[in-house]
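Comments concern the structure below.
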Amino acid sequence: MKRTAVALAHPNIALSKYWGKRAGGGNVPAVPSLSVTLAGLATTTSVTFDDALAADTLRLNGAPAAEGALARATELLDRVREAAGLRARAHVVSTNDFPTASGLASSASGFAALAVAAARAAGLDLPAERVADLARQSSASAARSVFGGFVELDGEVARPVAPPGRIPLEVLVCVTTEAPKAVSSRDGMAVTAAESPYYAGWLETAPRLHAELRAALLAGDLEATCALAERSALAMHASAFAAGVVYVSGATLDALAAVRSLRSEGVSAYATMDAGPHLKCLVHARDAARATERLARVPGVLRVIRAVAGEGARVVDAAAGARSDDPAAEEPPR
Ligand code: 2P0
């Protein structure tokens, strides 16, 4: 018997950042975070549970995935199998329509799409909160991509906070390198927690910035929301930097200077950075073209990807529960 489902999910950018995990395992963030799910960039993932398979398989962007990626997918599939009382192994095919070195976290959209597709293919009809929890255990930021618009992750729970149109925000992703990042988020946050003299300061500061940012967003105050997002990013990077975990490059800092120069000219532009050297400019939609033009001229910025807030992860092909005698469910789409 074969059961297939296909899901689509978008990456997200954290405005207030998640950095560090609670002790005790289970991949629970130490601080709350708030992100915006991006439209226009997507991961599409098909999951086929097939009794004839001896092991899970994973194809990523047209090629067999590395062992580590397959192992992480299997962990999520195991949780879904356990919830559904299913033994069948799965064939997973996942494709990003954005470059993997674009500085947009493909693990967030990837695990969100995998959780949605696997739950549906397993015949589970779970509320989005449960699907987000499945995704969170694999990659915490993935829980936020299950929902659209502005999304909060607080401890184990992800929830939508405001719809995509709450503030007229554009996110300008300044791509500064095609190389994969040198230090994973997982390792970077572990080293920060173990070795940074400022990690305690981060743990104290992050929840306050998050609460203020959440309130500013709900008040529809784009300027305050973005200003607090820049504060959160700088505090996160400062705590990591002090442990020798450096994600910024010269190009990142030049782009940061350009954002600040725009601001001195009255443009509502702010900066955020994640676990890599790509700067993301948070800007009022009315100023996005001007900011894009300026940032594209910064030496070291290879290109600028423009994005706005979008919808949450969803099933795009409801072949769930179909049997192999249903010709429409013969093979997973490729
Ligand atoms: C965030 N980042 O809030 C922060 C800011 C990167 C910098 O969430 O270990 O890939 O898989 O839970 O979700 C990236 O961390 O880490 C991340 P795991 P994840 O977006």
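The values are calculated or read from the model by the stated rules, or taken from the named source; none is laboratory data. Computed from a predicted model, the values in this text were never measured in an experiment. As a convention, Cβ positions derive from the backbone with ideal geometry for all residues, glycine included, and neighbour counts pool all protein chains shown. Each accessible area value is taken on the protein alone, full model and side chains, heavy atoms only, with ligands, DNA and RNA left out. Shrake-Rupley method; radii C 1.70, N 1.55, O 1.52, S 1.80 Å.
Tabulated results
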read-out: Residues being more than 13 Å from the ligand (Cβ to nearest atom) and at pLDDT below 95 - total across region 97-123; value: 6
read-out: Complete set of residues in region 7-41 that are away from the ligand (no atom under 16 Å from the Cβ) and either open to solvent by 10 Å² or more (accessible area, probe 1.4 Å) or not assigned by TED's automatic domain parsing to the domain that holds VAL92 (or both); value: LEU8, ALA39, GLY40
read-out: Any chance ALA193 is among the hydrophobic types (A, V, I, L, M, F, W, C), assigned to a helix (DSSP H, G or I), at pLDDT 95 or above and touching a strand residue (DSSP E or B) at 6+ places or on another chain (Cβ under 8 Å); value: yes
read-out: Selection status of ARG231, out of contact with any strand residue (DSSP E or B) (no Cβ under 6 Å at 6 or more places or on another chain), within 15 Å of the ligand (Cβ to nearest atom) and under 21 Å from VAL36 (Cα atoms); value: yes
read-out: Sole exception among (1) of a type in the set (A, V, I, L, M, F, W, C); (2) more than 16 Å from the ligand (Cβ to nearest atom); (3) open to solvent by 20 Å² or more (accessible area, probe 1.4 Å) for ALA90, by number; value: (3)
read-out: Matching residues in region 161-176 - criterion: being closer than 18 Å to LEU256 by Cβ and in a strand (DSSP E or B); value: GLU170, VAL171, LEU172, VAL173, CYS174, VAL175
read-out: Every residue from region 254-295 that is β-branched (Val, Ile, Thr), touching an Asp or Glu at 6+ places or on another chain (Cβ under 7 Å) and buried (at least 22 other Cβ atoms within 10 Å of the Cβ); value: THR272, VAL283
read-out: Condition broken by ASP125, with the remaining ones in (1) outside any helix (DSSP H, G or I); (2) touching a strand residue (DSSP E or B) at 6+ places or on another chain (Cβ under 9 Å) satisfied; value: (2)
read-out: Pair list, Cβ under 8 Å, 6 or more apart: region 21-36 residue at positive phi, other residue polar (S, T, N, Q) and within 10 Å of the ligand (Cβ to nearest atom); value: GLY26/GLN137; ASN27/GLN137; ASN27/SER138; ASN27/SER139
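Per-residue answers, yes or no, for (1) more than 16 Å from the ligand (Cβ to nearest atom); (2) of a type in the set (S, T, N, Q); (3) surrounded by 19 or more Cβ atoms within 10 Å (Cβ to Cβ):
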{"residue": "ARG136", "(1), (2), (3)": "no, no, yes"}
{"residue": "ALA143", "(1), (2), (3)": "no, no, yes"}
{"residue": "VAL146", "(1), (2), (3)": "no, no, yes"}
{"residue": "GLU156", "(1), (2), (3)": "no, no, no"}
{"residue": "ILE167", "(1), (2), (3)": "yes, no, yes"}
{"residue": "LEU172", "(1), (2), (3)": "yes, no, yes"}
{"residue": "SER185", "(1), (2), (3)": "no, yes, yes"}
{"residue": "GLU195", "(1), (2), (3)": "yes, no, no"}
